[in-house]
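S.K.: I have a structure I would like to understand better, so I am pasting it below and will then ask my questions one at a time.
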Amino acid sequence: MQNLWETFLTRRGDLLAALGEHIQLSLIALLLALLIAVPLGIWAQNHPRFAGALLQVTGVLQTIPSLALLGLLIPIVGIGTAPAIIALVVYALLPIFQNTYTGLHEIDPAYTEAADAFGMSKPLKLVKVQLPLAMPVIIGGIRTATVLIIGTATLAALVGGGGLGTFILLGINRNDTTLTLLGAIAAALLALVFSWFIARLQKWPWRVSVGVLAALALAFGGTAVYQAIAPQPETIVVAGKLGSEPEILINMYKQLIEQADANVKVSLKPNFGQTSFLFNALKSKKIDVYPEFTGTVVTSLVKPTAKQNQAIANGADSYPIAEKLLNQQQLTMGKPMKYNNTYAVVVKQDFAKAHQITKLSQLNQFATPLKAGFDLEFNSRQDGYKGIQSLYGLTFNVKTLDASLRYQALDGGQVQVTDGYSTDSQIRQYHLLALKDDKQLFPVYRGAPLMRQDFAKAHPQVVKALNQLANRITEPEMQEMNYQVNVKGQSAAKVAKAYLKAHGLLKEAR
């Protein structure tokens, strides 16, 4: 509890900002869901033939996995709040529509007959009789949708939408339970407060209740709209994958770019979950730059020829090949850094010592397949588990884990083998061993800024600023920086700044 309180005091400003983002996302999504689902429920009550079909459609929409939905939305609407709000609306439709339809459908016919006897028109009967009687059931659906929205909104952080999910992701990635608890507790308390508030609305006239909800949503939505249309300096969006290393790199990018051009503002979007999210966002001009690795480009993002693949397998530098193939997609990479952040298959040091293992090929000595915890991307890649199966002839009992959890699973004994990167701080932190890739499955992974060609041509000062990192940062330096963030708890921005200053890349402010 002491650590949690200290973390709260240290991070209260960031927590308050994330809370505001979370409330904004939730209220906008709730208002949009109300505007869609309530009229739809009223219409369905008068068209019972379509009610069943609409219930099925809204039910199916709610079963779509959230990550899959976000991945499908990014190429269409980009990153940030837009895909998050759309996803939240989709998940909120079912409870609001279902309860609106049910509440109206189950009204005692005697009331509607009395309304007809008084000569009320359909709109008047709806406003004066049906909606007031159905309101407790409708409010119940709104309460359910609100709690669902607030919980699901934590995933907005995966697509740069902000909110309390940033604390949860950061805590998981850095194995910092206090950060995870801060985000989770704040989200849970927010859901309870909103649920209590909406329950109180049941005691108010229904038009007042709807008006209050609409006013709150419009207030937060209006702020978001104003921020979107208000004149702003040119903003360059720099994004990064999940983890301390990408976050350190994008903070270096930000500091170098803003030093090179004082008229440019850099917006950072850290902690994206998947390479495909970022790559699609880059091509659709939703982001401008993100750090990528040459090995990832040639194995996942482009299609090298058989001759090029053979050259890479023989140890050729993958950067020229990656750059040539990216150019065909109107993309380009800046000059790569020095270190090789290649994949590694990792085991505990005591396990390796007990079985006299130093090389990946030596894992074939076990009669029973070892338990392996691989992240989804490594598990499906040719330069990952698929390549291990074909080149090394090894088969593991694989459990797919989130990338941020695999080292914890290895340290806790749930798995015996996992994937990692050569610069991961957890190798030092948990006393692990990265096995030698003695058959050279993993290509060279040198990091470089990936951007569109049109962006690079329009911003030569940005390219020049980022190329200052060319052939800099060694593997020990990168591992140490990761260690400072993940284990010592320093901010990625502070660690990035310290490196740039130490190497004369960042001038002192006057």
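S.K.: Name the residue from Val346, Ser380, Ala403 whose Cα lies farthest towards the positive end of the charge dipole of the stretch 343-434, charges +1 on Cβ of Lys and Arg and -1 on Cβ of Asp and Glu.
M.R.: Val346
S.K.: While we're on this one: For the chain, with only Lys/Arg (+1) and Asp/Glu (-1) charged at the beta-carbon, what is the dipole magnitude about the Cα centre, in debye rounded to 20?
M.R.: That gives a dipole near 540 debye.
S.K.: When all alpha-carbon pairs of the chain are counted, what percent fall beyond 34 Å?
M.R.: So the portion of pairs separated by more than 34 Å is 46 percent.
S.K.: How far, in degrees from 0 to 90, does helix 131-152 lean away from the longest principal axis of the Cα atoms of the chain, to the nearest 10?
M.R.: In the chain, helix 131-152 runs at an angle near 10 degrees to the longest axis.
S.K.: Using the basic label-point model (7 angstrom from Cα toward the beta carbon), what is the Ala367 to Leu4 distance in nanometres?
M.R.: In this crude label model, Ala367 to Leu4 measures out at 4.8 nm.
S.K.: Just rank Phe97, Phe374, fewest to most, by other beta-carbon atoms within 10 angstrom. Don't skip to the answer; put the middle values down first.
M.R.: Values: Phe97 27, Phe374 24.
Lowest count first: Phe374, Phe97.
S.K.: Using only Cα atoms, find the angle between the long axis of helix 81-105 and the longest principal axis of the chain, and express it within 0 to 90 degrees, rounded to the nearest 10.
M.R.: So the inclination is approximately 30 degrees.
S.K.: Could you work out how far helix 206-229 tilts from the main Cα principal axis of the chain, as a 0 to 90 degree angle to the nearest 10?
M.R.: The two axes meet at around 30 degrees.
S.K.: Turning to a different aspect of this structure: Sort Glu475, Glu21, Glu113 so that the residue with the fewest other Cβ atoms within 10 Å of its own Cβ comes first and the one with the most comes last.
M.R.: Sorted ascending by nearby Cβ count, the order is Glu113, Glu475, Glu21.
S.K.: Let me ask something else. With no solvent and one equal point scatterer placed on each C-alpha of the stretch 343-434, evaluate the Debye formula and give log10 I(q)/I(0) for q = 0.17 Å⁻¹, two decimals.
M.R.: So the normalised log intensities work out to -0.65.
S.K.: Rounded to whole Hz and in sequence order, give me ³J(HN,Hα) for the stretch 160-172 from the Karplus expression 6.51 cos²θ - 1.76 cosθ + 1.60, θ = phi - 60°, writing x for Gly and Pro.
M.R.: Per residue, the Karplus-derived 3J(HN,Hα) values read x, x, x, x, 5, x, 4, 5, 5, 5, 5, x, 5 Hz.
S.K.: Restricting things to alpha carbons, find the Rg to Rh ratio for the stretch 2-229 using the Kirkwood radius for Rh.
M.R.: 1.04
S.K.: What relative contact order, as a whole-number percentage, does the stretch 343-434 give when Cα pairs under 8 Å and 6 or more residues apart are counted?
M.R.: Here the relative contact order equals 46 percent.
S.K.: Let me ask something else. Quick check: convex hull over the Cα atoms of the stretch 225-346, volume per residue in Å³, rounded to an integer? Mind showing how you got there, number by number?
M.R.: On the way: hull volume 16.3 nm³, N = 122.
Once divided by residue count, the hull of the stretch 225-346 is 134 Å³.
S.K.: Can you pick out the pairs among Lys286/Lys494; Lys359/Lys439; Lys399/Lys439 whose Cα atoms lie more than 18 Å from each other?
M.R.: Lys286/Lys494; Lys399/Lys439
S.K.: Also, quick follow-up: So how far apart, in nm, are the two label points at Gln414 and His47 if each is 7 Å from Cα heading toward Cβ?
M.R.: 4.8
S.K.: HN-Hα J couplings of the stretch 470-484 from phi, Karplus 6.51/-1.76/1.60, θ = phi - 60°, integer Hz, Gly and Pro as x?
M.R.: 4, 6, 10, 6, 8, 4, x, 5, 5, 5, 5, 5, 4, 5, 4
S.K.: Between beta-carbons, use under 10 Å as the cut-off and find the net charge around Lys399, counting Lys and Arg +1, Asp and Glu -1.
M.R.: Overall, the nearby charge balance is +2.
S.K.: So if we plug the beta-carbon distance of Leu72 and Asp350 into 1/(1 + (r/R0)^6) with R0 = 41 Å, what FRET efficiency do we get, rounded to 0.05?
M.R.: Taking R0 as 41 Å, the efficiency between Leu72 and Asp350 is 0.40.
S.K.: Something else about it: Taking +1 at the Cβ of each Lys and Arg and -1 at the Cβ of each Asp and Glu, which of Trp5, Met120, Leu164 sits farthest along the dipole of the stretch 2-229 towards its positive end, judged by Cα position relative to the Cα centre?
M.R.: Of the listed residues, the answer is Met120.
S.K.: Using amide H atoms built 1.01 Å from N in the peptide plane, name the residues 5+ places from Gly160, or on other chains, whose amide H lies under 5 Å from its own.
M.R.: Gly80
S.K.: Please report the relative contact order for the chain, taking Cα pairs under 8 Å with a sequence separation of at least 6, and give it as a percent rounded to a whole number.
M.R.: 16 percent.
S.K.: For the stretch 248-290, how big is Rg over Rh, using alpha carbon atoms and the Kirkwood form of Rh?
M.R.: We get a ratio of 1.00 for the stretch 248-290.
S.K.: Taking the beta-carbon count within 10 Å as an exposure proxy, list Ile139, Ile79 from fewest neighbours to most.
M.R.: Details: Ile139 23, Ile79 26.
Placing the least packed residue first, the sequence is Ile139, Ile79.
S.K.: In 5 Å bins starting at 0, how do the alpha-carbon pair distances of the stretch 414-510 split up by percent?
M.R.: 2, 9, 16, 18, 17, 16, 11, 6, 3, 1, 0
S.K.: With +1 on the Cβ of every Lys and Arg and -1 on the Cβ of every Asp and Glu, and nothing else charged, how large is the dipole of the stretch 79-203 about its Cα centre, in debye rounded to the nearest 20?
M.R.: Using Cβ point charges on Lys, Arg, Asp and Glu, the stretch 79-203 gives about 240 debye.
S.K.: How high is the relative contact order of the stretch 2-229, in percent, counting Cα pairs under 8 Å that sit 6 or more residues apart?
M.R.: That works out to 29 percent.
S.K.: With +1 on each Lys and Arg Cβ and -1 on each Asp and Glu Cβ, how big is the dipole of the stretch 2-229 about its Cα centre, in debye rounded to the nearest 20? Walk me through the numbers before you get to the answer.
M.R.: Details: 11 positive and 8 negative charges, 56 e Å.
Using only the charged Cβ atoms, the result is roughly 260 debye.
Just so you know, all these numbers are worked out from the coordinates, no wet-lab data involved. Only a predicted model underlies this, so the values are computations on that prediction, with no experimental measurement involved. Positions of Cβ are generated from backbone atoms using ideal geometry, with glycine treated the same way; all protein chains shown enter the neighbour counts.
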